[in-house]
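Asks: Dumping the structure here so I can ask a few things about it.
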Amino acid sequence: MISNDDILILTPDRYMDIFLTKFKHVHKLTKSNMTKKLVSEILQYSINHNIKYIIITWHCRKIPLFVTQINKLKQKVKLIIMHQKHYFRSSLVPFIDAILEYSPKSSEKFYSPKYFNIKYRHRYHKIPCPLFINKDQQQQLLEKSKSYDGQPYLFTGGQNQRNFSILIKSMKNIPIKLYIVSRDTVNTKNIPSNVIFKYRLPINEFRQLMANSLAVILPINPHAKTVVGQTMISEALFLGKPIISLKNPSVVENLGKESILCDNSITSYRHAIKTILDNKQREKLTYYAKKRGDNITFESYVGNLKNICNKL
């Protein structure tokens, strides 16, 4: 039986605290600190502590360095990584024990053989996007959202591969406000008065604004050729929020009765928004969102990681 102490987690600084609630061995992962010396030190640490699995949970440019150093040390540790198109070549797959995927079908469709090695399809494992929110923060979000008595509104946010412009046009003469929170540049000229743009909020404010909303919208760029929106999907479902989204393959694979999927048109978005504003329709969607959200926990993510380790 695999123990949490058998696993070494490499993760960004912002996720260190939540991983430390479940794992004894956690190391900070940044784009700049993965030098050859540091990779060697991490692997030596894993030898000293009898680590059996190294899991890289985020983007890392130094995957080849890990592979090289593990082979050099003749280490029997299993290497598990999060699939990352920009930092990972499929030629490395034979040297990696497992690749974690939020949406394997989309990756197989979107990525060329340079980034997806179909010969080793069995090494790609689907894992739901985790909820990186600790229990205290979860309780605070839910309590504040229950006591919110302000005007109802819709919420959208995030960055990368978003098409906010079509959503803004869709909001004209819709009787509800829309909050957009992003670090992307949004053209606010001539936007409807019911659209409010906020540039980069602290993560707790971002989540609370989402928690207090009626529904969450994912206006994904129709030309996106990657897996997108998964973190926002997990957080929205945990908060029991119905989701409106463009029909991107990675979204279709991970959403169901709690969502309304749109074509890339103003007419389609407006129809979806009007459906959300209908109380009976929204209550039905909210029911399914909460049902899905009950199963989205960090604990379930840890369980999924251990199940994948058990298969190796």
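Asks: Could you calculate the contour length gain from GLN139 to TYR120, that is, 0.36 nm times the residue separation minus the distance between their Cα atoms, to one decimal place in nm? All intermediate terms of the calculation are to be shown ahead of the outcome.
Replies: Working: separation 19, 0.36 × 19 = 6.84 nm, distance 4.14 nm.
Contour length minus Cα-Cα distance gives 2.7 nm.
Asks: Quick one: net charge of ARG292's neighbours, Cβ under 15 Å, K/R +1, D/E -1?
Replies: On the way: positive: LYS241, LYS257, LYS284, LYS290, LYS291; negative: GLU235, GLU253, GLU258, ASP294.
Counting the neighbours of ARG292, the net charge comes to +1.
Asks: Once you keep just the Cα pairs under 8 angstrom separated by 6 or more residues, what percentage relative contact order results for the chain?
Replies: Working: 506 pairs, mean separation 46.6, N = 312.
About 15 percent, as a whole number.
Asks: Using amide H atoms built 1.01 Å from N in the peptide plane, name the residues 5+ places from PHE197, or on other chains, whose amide H lies under 5 Å from its own.
Replies: Under 5 Å from the amide H of PHE197 lie the amide H atoms of ILE180, each far enough along the sequence or on another chain.
Asks: Next question. Quote to one decimal, in nm, the extra length available between ASN187 and ARG61 on full extension: 0.36 nm per residue of separation minus the C-alpha distance between them. Intermediate values should be presented prior to the final figure.
Replies: On the way: separation 126, 0.36 × 126 = 45.36 nm, distance 3.30 nm.
Between ASN187 and ARG61, full extension yields 42.1 nm more.
Asks: Neighbour counts of other C-beta atoms within 10 Å: give me HIS83, HIS271 arranged from fewest to most. All intermediate terms of the calculation are to be shown ahead of the outcome.
Replies: Values: HIS83 21, HIS271 15.
Listed from fewest to most nearby Cβ atoms, that is HIS271, HIS83.
Asks: Of LEU73, LEU29, how do they rank once you tally other Cβ atoms within 10 Å and put the fewest first?
Replies: On the way: LEU73 14, LEU29 21.
Taking fewest neighbouring Cβ atoms as first place, the list is LEU73, LEU29.
Asks: Projected onto the charge dipole of the range 135-293 (+1 at Lys/Arg Cβ, -1 at Asp/Glu Cβ, origin at the Cα centre), which of LEU237, SER165, PHE197 gives the Cα projection farthest towards the positive end?
Replies: The residue sitting farthest along the positive end of the dipole is SER165.
Asks: Which order results if CYS60, CYS309, CYS262 are arranged by neighbouring Cβ count within 10 Å, fewest first?
Replies: Details: CYS60 21, CYS309 18, CYS262 25.
Fewest-to-most Cβ neighbours within 10 Å comes out as CYS309, CYS60, CYS262.
Asks: Roughly what would the spin-label model give for ILE196 and ASP294, points 7 Å off Cα along C-beta, in nm?
Replies: The answer from the label model is 3.3 nm.
Asks: Another one. Would you calculate a helix-derived [θ] at 222 nm for the chain, using -39,500 (n - 2.57) for each DSSP H run of n ≥ 4 and dividing by the full residue count, to the nearest 500?
Replies: Values: 12 runs with 121 residues, N = 312.
Taken over the chain, the calculation gives -11500 deg cm²/dmol.
Asks: Quick one, which of (i) 17.8; (ii) 27.3; (iii) 16.4 is the actual mean projected area of the Cα convex hull in nm² calculated for this model?
Replies: Among (i) 17.8; (ii) 27.3; (iii) 16.4, the one calculated here is (iii).
Asks: Using the Cβ atoms and a cut-off under 15 Å, what net charge is assigned to the surroundings of PRO128, where Lys and Arg are +1 and Asp and Glu are -1? Let's see the in-between values first.
Replies: Numbers: positive: LYS105, LYS126, LYS291, ARG292, LYS306; negative: GLU101, GLU235, GLU253, GLU258, ASP294, GLU299.
Net charge in that neighbourhood comes out at -1.
Asks: Taking every pair of Cα atoms in the range 135-293, average 1/r, invert it to obtain the Kirkwood radius, and report Rg/Rh to two decimals. Numbers along the way, then the final one.
Replies: Values: Rg = 14.4 Å, Rh = 15.6 Å.
Here the Rg-to-Rh quotient is 0.92.
Taken together, the values in this text are just the output of simple stated rules run on the coordinates, not laboratory data. Model, not experiment: these values are computed from the prediction. Cβ coordinates were reconstructed from backbone atoms using ideal geometry, including for glycine residues, and neighbour counts include every protein chain displayed.
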